[in-house]
Amino acid sequence: MLALLGVLSGALGLATTELLAGLRRTWRNPIFDVGDRVVERSPQALTKLAIEWFGTNDKVVLLGGIIVVLGLLSAWFGVLAARGRRKIVLAAIVIIGALGALAASAPTPAISGWEPLQTVPSALGTIVAIAAFVWLTDAERAALSTRAATAATPSRRDFVLRSTGVALGAGIVAATGRGLARRFEVASSRDAITLPTPMTPAPDPGTAIQAPNAAPFFTTNRDFYRIDTALTIPQIAPDDWTLRLTGMVERDIELTYADLVDRPIEEHDITLTCVSNVVGGDLIGTARWLGIRLDDLLESAGVDPEADQIVGRSIDGYTCGFPVEALDGRAALVAIGMNGEPLPLRHGFPARLIVPGIYGYASATKWLTEIELTRFDRFDHYWVPRGYAAQAPIKLQSRIDTPRGLDRIAAGPFVIGGVAWHQPIGIDAVEVRIDGDDWIAATLADELDESTWRQWSLPWDATPGRHTIEARAISRNGAIQTEDRSEPLPDGATGHHTVVVLVDEA
Ligand SMILES: Nc1nc2c(c(=O)[nH]1)N[C@H]1C(S)=C(S)[C@@H](COP(=O)(O)O)O[C@H]1N2
Ligand SMILES: [Mo]
């Protein structure tokens, strides 16, 4: 009962911040700000553990954890107050509010400096939480002082009424905030966009790119993996968006969405790969991207020959960085379209970078707002202080899609299938060996573009028992995929994908 008072007051405080988040685009529930600051400051070992334990659910775990901690603290506050420690509790609530305000007002230095207005949700939330707490604990005291009284005495009833009122109030206030915040969502501006037609359409892939039993050549937007540090998906209306090109250039450029669409638009099929993809993993996908060429854009700005790094900044403070040298003619894009649609919100709407051959963390900034020309010895992009390599070309890799590890299949003819990639160089061969025997060449599907993965397959006469299937790719540059195993950190996993399959008597 006492604990409940604390929790109710805390809930009303949070509900207030939720209401404020519905009033102004840049205001939000400070739980997200605290979460963001935790993510930014987490030591590398902790980030690694979180990803290993929770995978892509790490965000839910983080936010849930903050809410649980707040809930437990509030409950404890309720108990403390009943033991005559109300002043201490009030001071503690102020401290928690101040932490929220601090988290909200000191965002990533990359985006902006100290922003006093951002403290408003936490400040008002704290005031409301305190007021509710005082109001409820007053009623509680009155109820307790009439010990002998029955549940029907006015003070007891008053207490129950007040608690119910606060609970209902919190629900209504939070729901109102949620409702109001919907007008900041940009899903409808995205729906309203008609994508421009490319000057150079990508080739019609036909069916020759697809090998049997390999993952589909194009990954649908829905199935495309998502990796980012954003706790809430940035909502950027194209009308409010600009892309700036700054730093070591002859002239700064600023493009609106309309300016961007007016430039020559190209379409390219590119396989995006995450450095965290383990051998055999699925943090990789291929899409048909629509956008403007980054090399063209840089040419209009005039790049200082001393610049050796291109940094892509996101509205959320994230940065990537890759060598100027990477723009060697490959189709690096400021992309606005993905598989025939405007970029989905979670994939970076309204614009993002896509650079063939460089792991996503170092090249593929989503919710892009600025491209800065600089030097590697002057700036470390987001993951560099967290232990990842500053430069990260994608490694030669292959994956077995069918069969899956420990699948049971029937004896007889069976087609092994998979994908192999070495963007932007291309794949020349894939070889498979069974039970450590000789390497056998797989059949490759056609190559659509050196910057996409290539499908492969191999017919096999499966005999009863347990078999180990292993694959390796051979690059267009002659390199043979190494069997030496290394972890994703610091610059991408290596090793052969190996699966064990159980073959039953036919
Ligand atoms: N703003 C922003 N962009 C980002 C990231 C991020 O955390 N924030 N993560 C990068 C990483 S690690 C990868 S692998 C790709 C993934 O892009 P996707 O989510 O569209 O598949 O986005 C990159 N761009
Ligand atoms: Mo990544």
Being assigned by TED's automatic domain parsing to the domain that holds THR482 and under 26 Å from ILE480 (Cβ atoms) is the requirement here; does ASP428 meet it?
yes
If I go through the range 262-291 residue by residue, how many of them are surrounded by fewer than 17 Cβ atoms within 10 Å (Cβ to Cβ) and away from ligand 1 (no atom under 12 Å from the Cβ)?
3
Answer with yes or no whether LEU448 is surrounded by 19 or more Cβ atoms within 10 Å (Cβ to Cβ) and over 27 Å from the mean Cα position of the chain (by Cα).
yes
Take the range 256-272 and flag every residue that is in a strand (DSSP E or B) and touching a residue at least 40 places away in the same chain (Cβ under 8 Å).
GLU266, GLU267, HIS268, ASP269, ILE270, THR271, LEU272
Members of the range 248-277 that are of a type in the set (Gly, Ala, Ser) and more than 16 Å from ligand 2 (Cβ to nearest atom)
ALA258
Inspect the range 327-350 for any residue being more than 19 Å from the chain's Cα centre (by Cα) and assigned to a helix (DSSP H, G or I) and give the result as yes or no.
no
Of the numbered conditions (1) of a type in the set (Lys, Arg); (2) part of a helix (DSSP H, G or I); (3) modelled with pLDDT under 90, ARG147 satisfies every one except a single condition; which is it?
(2)
Answer with yes or no whether ASP401 is surrounded by fewer than 18 Cβ atoms within 10 Å (Cβ to Cβ) and more than 15 Å from ligand 1 (Cβ to nearest atom).
no
Identify, please: which residue in the range 197-253 is part of a loop (DSSP other than H, G, I, E, B) and hydroxyl-bearing (Ser, Thr, Tyr) and is, among those, nearest to LEU448 (Cα to Cα)?
THR207
Of (1) under 28 Å from PRO203 (Cα atoms); (2) small (Gly, Ala, Ser); (3) in contact with a strand residue (DSSP E or B) (Cβ under 7 Å, 6 or more places away or on another chain), SER486 satisfies all except one. Which?
(1)
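Does SER300 satisfy the condition of being more than 16 Å from ligand 2 (Cβ to nearest atom), polar (S, T, N, Q) and not in a strand (DSSP E or B)?
Here the answer is yes, as SER300 does meet what is asked.
The values are calculated or read from the model by the stated rules, or taken from the named source; none is laboratory data. No experiment lies behind these values; they were computed from the predicted model shown. We place every Cβ from the backbone using ideal geometry, glycine too, and count neighbours over all the protein chains shown.
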